[in-house]
Every structure is written in structure tokens, then in C-alpha cells.
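These notes concern the structure reproduced below.
The values are calculated or read from the model by the stated rules, or taken from the named source; none is laboratory data. Note that the structure is predicted; figures quoted are calculated from it, not measured. Please note: Cβ atoms are built from the backbone with ideal geometry, for glycine as well, and neighbour counts cover all protein chains shown. Areas reflect the complete protein model, heavy atoms only, side chains present, ligands, DNA and RNA absent. Shrake-Rupley method; radii C 1.70, N 1.55, O 1.52, S 1.80 Å.
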Amino acid sequence: MQQHSGQHLVTAVADAMYGFKTMSWNLGETESFIELNTSSITQDQIDNIERVVNEKIRDAVPMYPTLYDSIDDPKLKEARTRGLPDDHVGPVRVVTIEGMENNMCCGTHVSNLSHLQAVKLLVCEKGKGKCYLIFLVGDRVLNYAQKCYNNNKALTERLKTGPDNFAELIDKLQKTSKSTQKNAVTLLRDLAVLEAEKFKQKKSPDNHLLCLHRKEGDVEFMNILVNEVNDQTVTLFLTVGDEKTTGMFMFAADEATITKFGPKIAELLEGKGFSRYGRYQGKANKMANRSKVENILRGHFIG
């Protein structure tokens, strides 16, 4: 009831002050909005509407319904009756905010605007040739304030600074995170090259198998390693991700070997794979079985 009466009030003030007509409205579970027939609305206009709306609430303006016997009643001309069919027969109910508006409505409402407590206009989101003015009324304002306080308290404890510095500190943390991620990617690429070089230096004539797991790795890490080894006689079984849960795998070999072992590897790892460009790769849902795959491959290639 608070939200619906609040919608009537915001609609009336937006129309009276700036001629913005409400084309539709929605009373959501946590936020409400009215659709205004304007392509733009300034922050000053939003602030002015909010100021007047709350002045009317403090003035305790009466709000009441009136039931007219028929559509032919001349007083109905003073009310907004958009959507009422021309062939309507029977009584018509109009809700009045005293001195402000008369609007046809069948909903329940407060009897006095003071019951709304307060209205907060949050933001206006632009649509195609229209704006959606999002607002809160009464208890929702209080709930929103409590939620904001709880969030600020939690962030203050974690960021070790007050709300006024949140945006600046988060900007710094994001820049640091991006730089760290970039450095980590570079290091992983370098590590893939080094792992390939180490294998080639230690590779014996009878060892044509490389099995390697890197928890912090990714698909790019595995691709770089395969490219750096660059030996058609070598078979590579590579995995990245958590050692006991999920991750990714790549099996690089000649076509016949991929056909023979690829699906079996995916089955053991309880995952799915696909073959492309001499590599069979996919997601693994049971990385704990990695050792079983390695034992099968070593038994085949090394004996």
C-alpha cells in the first residue's frame, strides 16, 4: 500500500512540476519505478521532485477514494481516466491526493501522505524515448538505509577505511589486481617455455612422454608448452587446476595415439574432450584420477 500510494504521489509531482507523464509503473519486490514520457531528466529535476514529494508527506496531505455512480458524472472530467473503455457501465472509483490530483484507481491506499514516512528517488535509467524513475517508499527506505549501513560497515572492516574513501581505494586495488594478473600471465608463459626446455634437455632417446600438472596454469600455458616442445615424436599429457577436484587437460600426440587414448583419458577424468590440431583437450571433473592416466601412458610409452 505504501508503494502504490507513493507511486501516485511521485507521478503527480513529476507531472505538476515538469509535465512528465507516467506511461506505466511497476511495484517490484524491493524497488519500484514509473515510466516517464521523456527522453532525459536531469539530476536537479530528480532532486526537486524528491524535495516536493517529501514536503507533501510532511504536510500530511489527505488521500482518499471517491466512488462515482457512472462515467457520465461531470466531476470525472477532473480525474485522469486513461484506459477506461468508452462503453464502461457502472461506478468509477477515483483516488484523490487533496489539492494535487484525482486519478482513477481500484487499489488500496493510505488515508494520509504522512503514512508514507519518506520517499527516496534512487536513479533514472534511460530507455528509448523514455526514462524509468526508480524509487523507494516508507519501510523500504528504512530497509535500504540499514542495508547500506551494513554494507559500509563490512567494507570498512575489510578495506580499513571509511565509506568516503571506498571508491578511491577500490580503484587502486583494481589497478593493482590487473597489474598482478598481467605479471602472473607473463610468468606462466615464461614457466611454460622453461618446462619445455627442461624436458628437452633431460629427454632420453627412449623417453617420448611428458606428463606435467601445474595448478596455477591455464589452457594457454598448456598450448605454449606443446608448441615449445615442438617434437612430433613426443606425447604430452598436461593438466591444470585443482589436483583433487576439477581442471583442464590436454593430450598432444599423433592422430592415431589421440584416437586410441583421448576418449579414455576423458573417461578416467570424468570429463569431456574434443580433438583439434593434434591435441585432445577438455574439462576434467575428477583430477584425482590423473595418476591413473599417467600410469597407463607410461606403461604404453615407457614400459
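Here are the numbers for this structure:
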read-out	value
Test: T180 is open to solvent by less than 90 Å² (accessible area, probe 1.4 Å) and among the polar types (S, T, N, Q)	yes
Selection count where residues are open to solvent by less than 80 Å² (accessible area, probe 1.4 Å) and free of Cβ contacts under 8 Å to residues at least 60 places away in the same chain, scope segment 268-285	11
Unique residue being open to solvent by less than 50 Å² (accessible area, probe 1.4 Å) and of a type outside the set (D, E) when the list is L236, L194	L236
Unique residue being in a strand (DSSP E or B) and either out of contact with any helix residue (DSSP H, G or I) (no Cβ under 6 Å at 6 or more places or on another chain) or modelled with pLDDT under 95 (or both) when the list is E157, E125, E168, E197	E125
Lone qualifier among I224, I265 - being closer than 14 Å to L191 by Cα and among the β-branched types (V, I, T)	I224
Test: residue in segment 119-133 that is among the hydroxyl-bearing types (S, T, Y), open to solvent by 50 Å² or more (accessible area, probe 1.4 Å) and under 23 Å from D47 (Cα atoms)	yes
Looking only at segment 28-45, and only at residues there that are more than 10 Å from F135 (Cβ to Cβ) and surrounded by 12 or more Cβ atoms within 10 Å (Cβ to Cβ), the one that is nearest to the chain's Cα centre (by Cα)	E35
The lone exception for Q201 - which of (1) open to solvent by 90 Å² or more (accessible area, probe 1.4 Å); (2) under 19 Å from V240 (Cα atoms) it fails	(2)
Residue among N165, N102, N112, N150 that is under 27 Å from E29 (Cβ atoms) and surrounded by 11 or more Cβ atoms within 10 Å (Cβ to Cβ)	N112
Single residue of segment 246-267 satisfying the filter (open to solvent by 50 Å² or more (accessible area, probe 1.4 Å) and in contact with a strand residue (DSSP E or B) (Cβ under 9 Å, 6 or more places away or on another chain)) that is nearest to G217 (Cα to Cα)	M248
Unique residue being loosely packed, with under 15 Cβ neighbours inside 10 Å and in contact with a strand residue (DSSP E or B) (Cβ under 7 Å, 6 or more places away or on another chain) when the list is P74, P62, P85	P62
All strands (runs of 3 or more DSSP E) inside segment 1-110 with 2 or more residues being in contact (Cβ under 8 Å) with a residue 24 or more places away in the chain and among the hydrophobic types (A, V, I, L, M, F, W, C)	22-27, 32-36, 63-68, 92-97
Test result for T176, free of Cβ contacts under 8 Å to residues at least 24 places away in the same chain and touching a Gly at 6+ places or on another chain (Cβ under 9 Å)	no
So Y18, is it over 29 Å from the mean Cα position of the chain (by Cα) and open to solvent by 40 Å² or more (accessible area, probe 1.4 Å)	yes
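Every residue, every condition in (1) within 30 Å of Q7 (Cα to Cα); (2) more than 26 Å from the chain's Cα centre (by Cα); (3) not small (G, A, S), yes or no:
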{"site": "H109", "(1), (2), (3)": "yes, yes, yes"}
{"site": "S114", "(1), (2), (3)": "yes, yes, no"}
{"site": "E125", "(1), (2), (3)": "yes, no, yes"}
{"site": "K128", "(1), (2), (3)": "yes, no, yes"}
{"site": "L136", "(1), (2), (3)": "yes, no, yes"}
{"site": "N150", "(1), (2), (3)": "yes, no, yes"}
{"site": "P163", "(1), (2), (3)": "no, no, yes"}
{"site": "L169", "(1), (2), (3)": "no, no, yes"}
